[in-house]
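**Student:** What follows is a structure written as structure tokens; I'll ask about it next.
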Amino acid sequence: MRRVRDMMRSRAGELLKDGAVTRVLGWKSGEFYYDPTPSFFDTEESLDELVYNGFSAAMLSKYLIEATKKEGRVLVFLKPCDTYSFNHLLKEHKVDREKTYVIGVGCGGMLDIEKLRALGVKGIESMEELGENLVIHTLYGDKKFARGDVLLEKCATCKGLEHKASDELAVPDELWEWETSDRFARVSELEGMTSGERFAFWRGELSRCIRCNACRNACPVCSCNKCVFDNPRSGVIAKANADTFEENMFHIIRAFHVAGRCTDCGECSRVCPQNIPLHLLNRKFIKDINAFYGEYQSGESVDGKSPLTEFRTGDVEPGIVHERGGA
Amino acid sequence: MPINEEGAAFKPLIVAFCCNWCSYAGADLAGSSRLNYPVNVKVIRVPCSCRVNPLFILRAFQRGADGVIMCGCHPGDCHYTSGNYFARRRMALLFSMLDYLGIERGRTRVEWVSAAEGAKFANTMNQFAETISALGECRRLEDIRCVESEI
Amino acid sequence: MHADERKEAETIIRASGVNVRKCMKCGKCSATCPNFDEMDIHPHRFVSMVEEGDIFALMQSKSLWRCLSCFACVERCPRGVEPANLIEAVRLEVIRPLAGNRLRPEAIPALLDEKIPQQLIVSAFRKYSK
Amino acid sequence: MQKIGVFVCWCGSNIAATVDVEAVAQASLSEPGVVFSTNYQYMCSEGGQSAIRNAIAEHGLTGIVVCACSPRMHEATFRKTAAVAGLNPYMVEIANIREQCSWIHRDKEEGTKKAIILARAAVAKLNRNVPLIAGESQVIKRALVIGGGIAGIQTALDVADAGYEVDIVEKTPTIGGKMAMLDKTFPTLDCAACILTPKMVDASAHEKISLFTYSEVESVSGFVGNFTVNIRKKARGVNSDLCTGCGVCIEKCPSKKAKSEFNQGLCNRSAIYIPFAQAIPNVPVIDRESCIKFQTGKCGVCEKVCTAKAIDYAQEDEIITRQYGAIVLATGFKPISLESYDEFQYNQCPDVITSLEFERICNAAGPTKGKVLRPSDHEPPKTVVFVQCVGSRATVECGKTYCSKICCMYTAKHAMLLREKYPDTEVYVFYIDVRTPGKSFDEFYRRAVEEYGVHYIKGMVGKVAEEDGRLIVQGSDLIADKQVIIEADMVVLAAAIEPDPTARSLGTMFTASMDTNDFFTEAHPKLRPVESPTAGIYLSGLCQGPKDIPDTVAQAGAAASKVIGLLSKDKLVGNPCVAACNEPLCNGCSTCELVCPYGAITYEEHLVVDHGVRETRRVSCVNEAICQGCGACTVTCPSGAMDLKGFTNLQIMAEVDAICR
């Protein structure tokens, strides 16, 4: 990952210098080692602060909405999965492609701080990323891990290491690749439960929601100028969850609004301070869409219609929900 | 049949969204043919099934509906040529999601009813009411504030 | 109709995967059949007889063994009915209860004739082996 | 706050028998905004209506709820009543307490309860209503007809005779279409040219009709009553104004190896050509592909021989922009390609021909001057086999699932003509079914069999093979349960017909929807058969579905009457219940545009002021004249920027709340 970071710094420096781009969108150190924060860099010197490591999970695509409204061209670093969201934003005309310069950066899978914490890691000072091995230097000594054990959920079920959009790539030859798991496994498990069990499961999860809107703010698809839940004229305005219904409602509607558009980037779950597995809602829609209307991956390309803006005359009837087995 | 506190038989509240051109006319035909269906089925007229926003369905459950049914023109017969095709996809996904969240799947339904199918409309409503009666009151998606304010 | 015969018809329809109701009775299958004159029941009647459940007559027909399995009828049918698949399914219904193949690979060298097209051997296997 | 009046109708005893109308009127008084309520025996009667009018005036009502029969019955009536009393007609809501209450419930107590709730829902909705004003748009009094076949010509003539201007755009060099290629027409056997060419002349001579031949529609914008169309006039290479149609250029042209399209490739034509003698306009076209001048730069014979100086090699395509109030699609058909039908040897044997080719062979102006001769050796055939349903009614890939409708009749016609001209010729027709619904159609077919001795064989042909210059036709005779083999000299295939390939791109351009076979769909299959679902677009002829000449002419006339109906209006009053975009909320994401069945939504850069922030953004714009108010866009819009007037999110949710209270 250090190799990638060096490539990023040098290319960004060159492009800033010759005026090809006016700003660089990347990550810089946050308050803690494990939270590199999205940041803009205007000068070559400032690029010394650019970081890229196993904790640079935060997706930068969504920042381009505002960034491309300004004058000049923005250089943005996108990991393979971030390019799906980038394409989606292009498709919905939220980002001006002409005003972006995309460097696709190699990714070795991003790390889940929660998993590390659970394994007793605290006080991280730095980290060495050696392929599948990870050495974390902490205040309390070094700890070693197999990288595959501490990946974020979205990385464990990675969509692939191919960049779906880029102007150039910063991908070193020897990048660690890992085995991915079935992204729908948990959804299938839930589908196998009884209706009562599912209800109990979701009540347990969604009742923790504090309506901080982090999921909404991180989501590259939830990019409305004004959310229906913030709009007093929508009839459903709700700034906080006043009851169990509203806890459900917000997430059902949010999932429905992104259905067919969600790129399955997993940011909603990653940023949720209450650790609600929100991606399971989106993946339910993706799983159903794939089963009912054929495989579809939002953000794979800029063109084409999404499943909810097209139809076939022979589509399945909604009764399929009742006919399907299970409880 | 479930019995509520007062001892009266439980009568489910059912909201039916009907498109103006086929299903609402089908409901009218059920009426002019004097076909009975439960009194607690209440029809809301929309121009097309594609006008039915998931928000409306959730709102109905929130305010105490026990079941929600959407009726539209048969696929291929939409007055607006393709509205019901979009509605079909939306409702298939929404109802599957509600089921996934533990809202009993019997509480939601889509039926295509043409203007000539008064009998189908009445039968559908009778069957749907029976299904909901068997499921009992919808407790899983309602606004507790509303229920309390009624007491 | 005999109940067994109805069951037989259902088995044949299921095994062949043929939707006999798609037939529009144009007779192109029989028109295209290269062995038409050798048959007592012709391809188009095969389809309608299966549809009617008239299976026992088919099982006893000469056509069952005269069909070359050349699939010309399948190729030419404008509605994708696949009469040859039906004939095969009926044939299998006859062969299977006999519990044994009627043609074994060992028997082939003796039958070989250099004028026989290879396709014939292949279709012979289709016809005489279960 | 609204001031609402509630009017409960008894409908004699229809409502009053099972609903306590007085109780409904009383109960509604406690609903928010309701200031007046009453009940009356027949609300729709003059007495009832005047009660409404009086109450509006007396109580200064801002809206009324009528609890009565279905809105499908009397909504329009009560809207008019309100308008007469000076109330906006869209401030009227109907509670359907007859069809959906009194008629289906026997228990009066329960029925009354339900009626009260239905009235409550209507009041709740009305509280959210705002007056709506229907938009008006101008109607440009000119029609465009795309396609110059019999359908297009007939529609154009009918519209022009009513006094409106009509333009015909035809992609080939002449009008006339497929009908001009036919020899005789069934069931009367009159000559196609004799009945068509006078119409062609009428069309070209009509002062209200302008012809754009050798032209195609390039692009279109606008909406019903107000379309702007760009027409590409392809370069003929001949100045139409100067050309006298003398034909010397054609005679002298040294390049004579191009296949004649008009004669189905059965003979050749010169590079500069007029498709056929009666072509309109009678102005040649240079086919640049086969012209020596265009290919090599040398030649120029036509220019030299033209005394009128009409030849213009430098002529370029010209774009003409015209405005229209209505557009008629009359794009017609073509026979399908028979390339995939190897069993009939169409591509291999010159004597296996299509029925349209046979028409040319029969025709006195055709390649054989009307003598039926085999294309291979120019000998008269002694035995001719006709095969019906070639590619029709086929679910396999190379065919069409539908019945082409015209083949049974023209095959009978061909068989009959052949037997009449050459009584020694044996004629066989292989058929699956003979379909002859139509006036004097079955009688015609029976004449072919009974009087002319045509052999009709029920069954299909499986194989055609060439052997020593003869065609061996192997087919089924299903009646005899025999395989028949006929040695024929000529085989005529009744190829299925399909929409002209240009229809697809026009359909996209005009947002005129098409079925899976690329036929244009009608607005309603029974009740609006000549209108496209897109307002202002009409369908004429075969582009809508297989039909014969009488049906085509009938439909062309029907389309014309619809066009005349539209053009006779000075202004169009729209439906005010259409979608509207709240610009500050709009994300410009385009999803609404994708689901709109009418192409009513476009995107524009607008200056949006949102909480003091001024920003130029891409926002969605609804063309109210095109929008039909289905609401598909409102649900696909995640931000709720799109809403439907008359059925807004808030109105429907208010109804839900009122019902579930």
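**Student:** So is C:PHE56 in contact with a His (Cβ under 9 Å, 6 or more places away or on another chain), surrounded by fewer than 16 Cβ atoms within 10 Å (Cβ to Cβ) and assigned to a helix (DSSP H, G or I) or not? Talk me through it step by step, then tell me what you get.
**Tutor:** Values: in contact with a His (Cβ under 9 Å, 6 or more places away or on another chain): yes; surrounded by fewer than 16 Cβ atoms within 10 Å (Cβ to Cβ): yes; assigned to a helix (DSSP H, G or I): yes.
For C:PHE56, the condition - in contact with a His (Cβ under 9 Å, 6 or more places away or on another chain), surrounded by fewer than 16 Cβ atoms within 10 Å (Cβ to Cβ) and assigned to a helix (DSSP H, G or I) - is met.
**Student:** Something else about it: Whether any residue in region D:204-217 is part of a helix (DSSP H, G or I) and closer than 30 Å to D:PHE444 by Cβ is what I want to check.
**Tutor:** Here is the first cut: in region D:204-217, the ones part of a helix (DSSP H, G or I) are D:204-205.
Checking the rest, the ones that are also closer than 30 Å to D:PHE444 by Cβ come to none.
So far as region D:204-217 goes, no, none of its residues is part of a helix (DSSP H, G or I) and closer than 30 Å to D:PHE444 by Cβ.
**Student:** So which residues in region A:288-327 are under 28 Å from the mean Cα position of the chain (by Cα), surrounded by fewer than 19 Cβ atoms within 10 Å (Cβ to Cβ) and either more than 9 Å from every other protein chain (Cβ to nearest Cβ) or more than 19 Å from B:PHE95 (Cα to Cα) (or both), if there are any at all?
**Tutor:** Across region A:288-327, the qualifying residues are A:ASN290, A:ALA291, A:GLY294, A:GLU295, A:TYR296, A:GLN297, A:GLU300, A:SER301, A:VAL302, A:ASP303, A:GLY304, A:LYS305.
**Student:** Filter region D:120-140 down to the residues that are assigned to a helix (DSSP H, G or I) and within 12 Å of another protein chain (Cβ to nearest Cβ) and list them by number. Spell out the reasoning first.
**Tutor:** Taking region D:120-140 and keeping what is assigned to a helix (DSSP H, G or I), we get D:120-126.
If the condition is that a residue be assigned to a helix (DSSP H, G or I) and within 12 Å of another protein chain (Cβ to nearest Cβ), then D:ARG120, D:ALA121, D:ALA122, D:ALA124, D:LYS125 are the ones that fit.
**Student:** I'd like to know if region D:543-554 contains one or more residues that are among the small types (Gly, Ala, Ser), part of a helix (DSSP H, G or I) and either within 30 Å of A:ILE65 (Cβ to Cβ) or outside the structural domain of D:TYR410 (by TED's automatic domain parsing) (or both).
**Tutor:** Step one: list which residues in region D:543-554 are among the small types (Gly, Ala, Ser), which gives D:545, D:554.
So of that shortlist, the ones also part of a helix (DSSP H, G or I) come out as D:554.
From what is left, the residues that are either within 30 Å of A:ILE65 (Cβ to Cβ) or outside the structural domain of D:TYR410 (by TED's automatic domain parsing) (or both) are D:554.
The answer is yes, given that some residue of region D:543-554 is among the small types (Gly, Ala, Ser), part of a helix (DSSP H, G or I) and either within 30 Å of A:ILE65 (Cβ to Cβ) or outside the structural domain of D:TYR410 (by TED's automatic domain parsing) (or both).
**Student:** Would you be able to say whether some residue in region D:475-488 is assigned by TED's automatic domain parsing to the domain that holds D:ALA326 and either part of a helix (DSSP H, G or I) or in contact (Cβ under 8 Å) with a residue 40 or more places away in the chain (or both)?
**Tutor:** Within region D:475-488 (the criterion being assigned by TED's automatic domain parsing to the domain that holds D:ALA326 and either part of a helix (DSSP H, G or I) or in contact (Cβ under 8 Å) with a residue 40 or more places away in the chain (or both)), the answer is no, since none of the residues qualifies.
The rows are residues; the columns are (1) within 12 Å of chain C (Cβ to nearest Cβ); (2) crowded, with 20+ Cβ neighbours inside 10 Å.
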| site | (1), (2) |
| --- | --- |
| D:GLU443 | no, no |
| D:ALA448 | no, yes |
| D:TYR452 | no, no |
| D:LYS458 | yes, no |
| D:GLY462 | yes, yes |
| D:ALA465 | yes, no |
| D:ASP468 | no, no |
| D:ILE485 | yes, no |
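**Student:** Can you name the residue in region B:112-151 that is touching a Cys at 6+ places or on another chain (Cβ under 8 Å), among the hydrophobic types (A, V, I, L, M, F, W, C) and not in a helix (DSSP H, G or I) and, of all such residues, is modelled with the lowest pLDDT?
**Tutor:** Ranking the qualifying residues of region B:112-151, first place goes to B:ALA115.
**Student:** Pairs please, first residue from region A:200-220 and on the phi > 0 side of the Ramachandran plot, second anywhere and outside any helix (DSSP H, G or I), Cβ atoms under 6 Å, 6+ apart in sequence or on different chains.
**Tutor:** A:ARG211/A:ALA240; A:ARG211/A:ASN241
**Student:** Residue under question is B:ASN84, and the condition is that it be away from chain A (no Cβ under 11 Å) and in contact (Cβ under 8 Å) with a residue 12 or more places away in the chain; does it hold? Walk me through it before giving the result.
**Tutor:** Values: away from chain A (no Cβ under 11 Å): no; in contact (Cβ under 8 Å) with a residue 12 or more places away in the chain: yes.
Spelling it out, it is not the case that B:ASN84 is away from chain A (no Cβ under 11 Å) and in contact (Cβ under 8 Å) with a residue 12 or more places away in the chain.
**Student:** Just to verify a result, which residue in region D:1-47, among those that are among the polar types (S, T, N, Q) and part of a helix (DSSP H, G or I), is surrounded by the fewest Cβ atoms within 10 Å (Cβ to Cβ)? Steps first, please.
**Tutor:** Here is the first cut: in region D:1-47, the residues among the polar types (S, T, N, Q) are D:2, D:13-14, D:18, D:26, D:28, D:30, D:37-39, D:41, D:45.
With part of a helix (DSSP H, G or I) added as a condition, the list becomes D:13-14, D:26, D:28.
Values: D:SER13: 10, D:ASN14: 19, D:GLN26: 15, D:SER28: 25.
Per the criteria, the residue is D:SER13.
**Student:** When residues of region C:19-41 are filtered for being at the interface with chain D (Cβ under 10 Å from one of its Cβ atoms) and either crowded, with 24+ Cβ neighbours inside 10 Å or outside any loop (DSSP other than H, G, I, E, B) (or both), how many remain?
**Tutor:** The qualifying residues number 11.
**Student:** Right, something else. Please tell me if D:THR425 is under 22 Å from D:GLY541 (Cβ atoms) and among the β-branched types (Val, Ile, Thr).
**Tutor:** It is false that D:THR425 is under 22 Å from D:GLY541 (Cβ atoms) and among the β-branched types (Val, Ile, Thr).
**Student:** I'd like the full set of residues that are among the basic types (Lys, Arg) and within 14 Å of another protein chain (Cβ to nearest Cβ), limited to region A:57-80. Walk me through it before giving the result.
**Tutor:** Taking region A:57-80 as the starting set, the residues that turn out to be among the basic types (Lys, Arg) are A:62, A:69-70, A:73, A:79.
Across region A:57-80, the qualifying residues are A:LYS62, A:LYS69, A:LYS70.
**Student:** Any residue at all in region D:605-614 that's within 14 Å of chain B (Cβ to nearest Cβ) and either touching a Cys at 6+ places or on another chain (Cβ under 6 Å) or part of a loop (DSSP other than H, G, I, E, B) (or both)?
**Tutor:** First, pick out the residues of region D:605-614 that are within 14 Å of chain B (Cβ to nearest Cβ): none.
Looking for residues that are within 14 Å of chain B (Cβ to nearest Cβ) and either touching a Cys at 6+ places or on another chain (Cβ under 6 Å) or part of a loop (DSSP other than H, G, I, E, B) (or both), one finds none in region D:605-614, hence no.
**Student:** Go through region D:55-101 and count every residue that is more than 8 Å from every other protein chain (Cβ to nearest Cβ), of a type in the set (S, T, N, Q) and not in a loop (DSSP other than H, G, I, E, B).
**Tutor:** Matching residues across region D:55-101 total 2.
**Student:** May I pose another question? Got a sec? Which of D:LEU189, D:LEU211 is among the aliphatic types (A, V, I, L, M), closer than 17 Å to D:ILE231 by Cβ and touching a residue at least 60 places away in the same chain (Cβ under 8 Å)? Talk me through it step by step, then tell me what you get.
**Tutor:** On the way: D:LEU189 fails: closer than 17 Å to D:ILE231 by Cβ.
Checking each option against the conditions leaves just D:LEU211.
**Student:** I'd like to know if region D:492-504 contains one or more residues that are touching a His at 6+ places or on another chain (Cβ under 8 Å) and either part of a loop (DSSP other than H, G, I, E, B) or surrounded by 18 or more Cβ atoms within 10 Å (Cβ to Cβ) (or both).
**Tutor:** Within region D:492-504, the subset touching a His at 6+ places or on another chain (Cβ under 8 Å) is D:492.
Okay, now just the ones that are also either part of a loop (DSSP other than H, G, I, E, B) or surrounded by 18 or more Cβ atoms within 10 Å (Cβ to Cβ) (or both), so D:492.
The answer is yes; a qualifying residue exists.
**Student:** Select from region B:20-39 the residues that are facing chain D (nearest Cβ under 9 Å), outside any loop (DSSP other than H, G, I, E, B) and touching a strand residue (DSSP E or B) at 6+ places or on another chain (Cβ under 9 Å) and list them in ascending order.
**Tutor:** Listed by number, the residues that qualify are B:TYR24, B:ALA25, B:ALA27, B:ASP28, B:GLY31.
**Student:** If you don't mind, another one. Restricting to region A:218-256, give me the number of residues that are within 9 Å of chain D (Cβ to nearest Cβ), among the aliphatic types (A, V, I, L, M) and more than 25 Å from the chain's Cα centre (by Cα).
**Tutor:** 1
**Student:** Just name the residue that is farthest from the chain's Cα centre (by Cα) out of those in region B:101-128 that are more than 14 Å from chain A (Cβ to nearest Cβ) and of a type in the set (D, E, K, R).
**Tutor:** Ranking the qualifying residues of region B:101-128, first place goes to B:GLU117.
**Student:** Still on this structure, please answer the following. If I filter region D:270-283 for residues that are part of a helix (DSSP H, G or I) and under 30 Å from D:VAL387 (Cα atoms), do I get at least one hit?
**Tutor:** Let us first name the residues in region D:270-283 that are part of a helix (DSSP H, G or I), namely none.
Looking through region D:270-283, none of the residues is part of a helix (DSSP H, G or I) and under 30 Å from D:VAL387 (Cα atoms).
**Student:** Given (1) at the interface with chain B (Cβ under 8 Å from one of its Cβ atoms); (2) touching a residue at least 12 places away in the same chain (Cβ under 8 Å), identify the lone condition not met by A:SER269.
**Tutor:** The one condition A:SER269 does not meet is (1).
**Student:** A follow-up question, please. Is at least one residue of region C:68-83 without any contact (Cβ under 8 Å) to a residue 60 or more places away in the chain, touching a Cys at 6+ places or on another chain (Cβ under 9 Å) and polar (S, T, N, Q)?
**Tutor:** No, that holds for no residue.
**Student:** Hey, can you tell me all the residues within region B:52-66 that are assigned to a helix (DSSP H, G or I), within 18 Å of B:ILE132 (Cβ to Cβ) and more than 7 Å from chain D (Cβ to nearest Cβ)?
**Tutor:** Result: B:ILE57, B:LEU58, B:PHE61, B:GLN62.
**Student:** Just to be sure I understand the filter: pairs with C-beta atoms under 9 Å, separated by 6 or more residues or on different chains, first member in region D:643-661 and within 14 Å of D:ALA579 (Cα to Cα) and in contact (Cβ under 8 Å) with a residue 40 or more places away in the chain, second member surrounded by fewer than 22 Cβ atoms within 10 Å (Cβ to Cβ) and among the β-branched types (Val, Ile, Thr). Which pairs pass?
**Tutor:** As it stands, the answer is D:LYS645/D:VAL130; D:THR648/D:VAL130, since those pairs meet every condition given.
**Student:** Does B:CYS71 satisfy the criteria of being buried (at least 24 other Cβ atoms within 10 Å of the Cβ), farther than 26 Å from A:ILE253 by Cα and more than 10 Å from chain D (Cβ to nearest Cβ)? So that I can check it myself, show each step before the final result.
**Tutor:** Working: buried (at least 24 other Cβ atoms within 10 Å of the Cβ): yes; farther than 26 Å from A:ILE253 by Cα: no; more than 10 Å from chain D (Cβ to nearest Cβ): yes.
When the stated conditions are applied, B:CYS71 does not pass them.
The values are calculated or read from the model by the stated rules, or taken from the named source; none is laboratory data. All figures in this text were calculated on a predicted structure; none of them were measured in a lab. Backbone-built Cβ (ideal geometry, glycine too); neighbour counts: all protein chains shown.
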